[in-house]
Each structure stands twice: as structure tokens, then as C-alpha cells.
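To keep things clear, I will list the structure first and then write my remarks on it.
Throughout, read-outs are computed from the coordinates displayed, never taken from laboratory work. Remember, it's a predicted structure, so these values are computed and weren't measured experimentally. Quick reminder, even Gly has a Cβ in these numbers, built from the backbone with ideal geometry, and neighbours come from all protein chains shown.
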Amino acid sequence: MAGPFAPIVLVGLGALFAYLAGRLWRRRALDGVSYECEVRPSRAWPGERVELAFTLRNAKRWPLPWLKSADVVPAWLRVAGGDLRAHHLPRLRELHQTWSVGAWEEVRRTLTATPLARGRAEVGPARLSAANPFGAGEATAAVERRAPLVVYPRPFPAGRLLAAADEPSGRRERQSWLFADPSRTVGVRPYADGDPERLVHWPATARTGSLQVRQIQAAVAREAAVFLEVRTSGEPWGGLDRARHEAAVALAAELVRQVTVAGGSFALHSDGSVPNGPRHLSIGAGAGARHLRHALEALAVVSGYPAAPLASLVRRERTRLSPTVAFWVVAPYVGPTLARELVRAARTREVRLVYVGDEPLPEMAGVRTWRVPGWAADEWYASPPGGPPAPAHRGRPAG
């Protein structure tokens, strides 16, 4: 082609080619590209490291030298070396990564992450974008596959439970162990064939003139119903004391764990609601590792806002369960209605209260009480999470 218009025509044809090629690239660049993420393990404790395993596959004949991924992650997940950016939802972040993948190639990448709080979340969905060599916009694709992650309630140090209930300040150095020896003396009885010698009660034997043995009872009941109060104030406008609420959730998790370790069974009830579940948390009696995992997963997502009065749940279970089932109540707030129900329950069964706070408690005859001072809950909540709980043991815990 000759003439003064030849360069203009060539430029126009080049621009048209670049435009058409760019459009084709945007439509087809991510064909045959798959992207996956897996969280290993999918269940963890706050402070425990998990792995985010990413896999990018390119099942076509041309490479992608510049590809970006953006995965939605929970804000409480700290990713080591990750490029975390803001998300339009405050409780989420975006994890950005840059990739280069050849033709028919698979690229794997593993990042280390640390969950900082309890909860149930997902890594994903993701957004892929490939740079366009023709400069006509990026090729983008949405990846809806999500990797689940459940983070159990953060362990609370049971050794902090030292304050007697008759001390409102909770500071007296008087030890009253919540998880003490696995057996304690509740009385004496005459010796029977087969009783071990270590159970002989020599003072009672000398006093009665016949061989007497100690009658023991497990410190953690083999059948227990654990109740969790999520309210931290008696007033609707009082708000939620996050430190005391989280400490109460953690203590309820520790209780069900201890009952399971002791070989017992437990039920779990709370006035707090759970996502995609009933109005309030309610798990029937059961035993074993699977039942414990179910309870911990429920406690991982229980909210701090009541869906039903805890007193009504205590009343329901009090009339329904056998007197051999012990009641454990963990509460950062004890109102008069709940106190009356605990006293009624204590007339026919063992009732123990773990109270998180400094305010004076109502009079509750027959209810054994432990107190976690407010300052202890605040310090625990402000400290960094320390990973999974220490292995449970059957002896006296270290102070």
C-alpha cells in the first residue's frame, strides 16, 4: 500500500488488532486456570499456627507471567508475610498474592497463619486477575470455593480460680481449687471386701473400733450439665464486657473438656445464640471426643447477646434431669432470677457456680461458688493467645 495514508492505515490496523486481541485475552486468559486453598488443620486454638495451602493450576498451552489473587480472610487471622489489605466489611481482610505460572504448570504455595480469636470463618472466596499484555484491561475471574476454619475458645488458666466466693474483691490468698484432685472425701463408711488399703480412715477406725474407709466422690462429676450466661450486665443498655464474656466462654469450654477427660458425659446450654442454629445454644447429653468437638465448635461461635433467659434453661433442666447430674454454671452476671433457680436446683443436686466479676453475689444457699476477679479476666483478655491448652491431668493443678 502506497500513499500518504499508508502509515495511518497500518496504525489503525494495529490498534484494531490490539483491541480484538485484548478482548479475546480478557475472555479466555483464565480458561483452564484453577485455584484452591486449604487450611491445615481446619480446627485450631487461638495462638496455634495453621497453614494456608494454595494451589494454582494452568491447564492450557500459554503461560500467565503475571497473575494476582485476592482471598477474603477473617480480620483475626494473622498471616505471616502476607499482604493484607482492607475489605469493605470491617471484620474481613483481603490477602493479596502475585503468581507466575507456565503452560501446563501447577504452582503450590504455603503461608503460615495464626488465629487470634475464637470463631468460625472461611478463607475465600477469591478473585483472580491476569495482566493483559495488550493493555486492554485485566482478565478477572471469581473463585467461589472456600476453605473452612473453626477456632475453639481460647484456654483460660484454671489456676487463676483461687478466690473464695465470700471475698467480693476476689484477692484473698485462699485457695479453693476448681479442678482439684479427682477424688475427695465426702464421708466414711464401714470397710467392705475389696476396698483398697489407701482408703482406710484411721481416725474414724480408732474412734469406732471397727475398720472404716473414706467415701470419695469425683471432683468433676461424671454427669454434668454446663450452663453459660453470656450477659455481663443486668441492664439492656449496659453493653457487653468483652473480657468477662470471653473468659466465661473459655471457662465453659474448659469445664466440658475436663468432664470429657474424666470419662464423664455432659450437656451444654447457654442463653447466647449461635449462627444458623436454634434461638439459643443447647446441646444434649453425650460423651467422648466427638461430642466434645461439637461443644467446642458451638462455643466458638456463641454470641454475647442473650436469646433466652438462662434461668428458664436451668429451670427446664432441673425438672427434667436426674438429681445425679451436677449443674455447673459459668456466669459474668448473676441476676436475682438466676440466683433463685440455682438455689432451687441445689436442694436436689450439686450446683457449682463459676463467677467472673467483682460485684457482690446474691445469697445462694447450697451453691458452691468460685470467683474469677475482673482484673484476672482483663489481664487474660489483653494478653496474647498462647495456643492449645495444656494436656489435662487428673492430679492437682500447679498454682
### Query
Once a ≥ b ≥ c are taken as the square roots of the eigenvalues of the Cα gyration tensor of region 250-325, is the result rounded (a/c under 1.5), prolate (a/b larger than b/c) or oblate (a/b not larger than b/c)?
oblate
### Query
What is the order of V274, V188, fewest Cβ neighbours within 10 Å to most?
V188, V274
### region 245-323: trypsin sites (Lys or Arg not before Pro) falling in loop per DSSP and having at most 13 other Cβ within 10 Å
R279
### Message
Starting from the Kirkwood Rh over alpha-carbon pairs, what translational D in µm² s⁻¹ does region 30-151 have by Stokes-Einstein at 4 °C and 1.567 mPa s?
### Response
87 µm²/s
### Where trypsin sites (Lys or Arg not before Pro) fall in DSSP loop in region 73-112, at most 16 other Cβ within 10 Å
R91
### Summary
For region 30-151 the mean separation of alpha carbon contacts under 8 Å (6+ apart) over residue count, i.e. relative contact order in percent, is 32 percent
### Message
Please list, in order along region 310-324, the HN-Hα scalar couplings obtained from phi with the Karplus expression 6.51 cos²θ - 1.76 cosθ + 1.60 (θ = phi - 60°), rounded to whole Hz, x for Gly and Pro.
### Response
5, 4, 5, 5, 4, 4, 4, 6, 5, 7, 9, 8, 5, x, 6
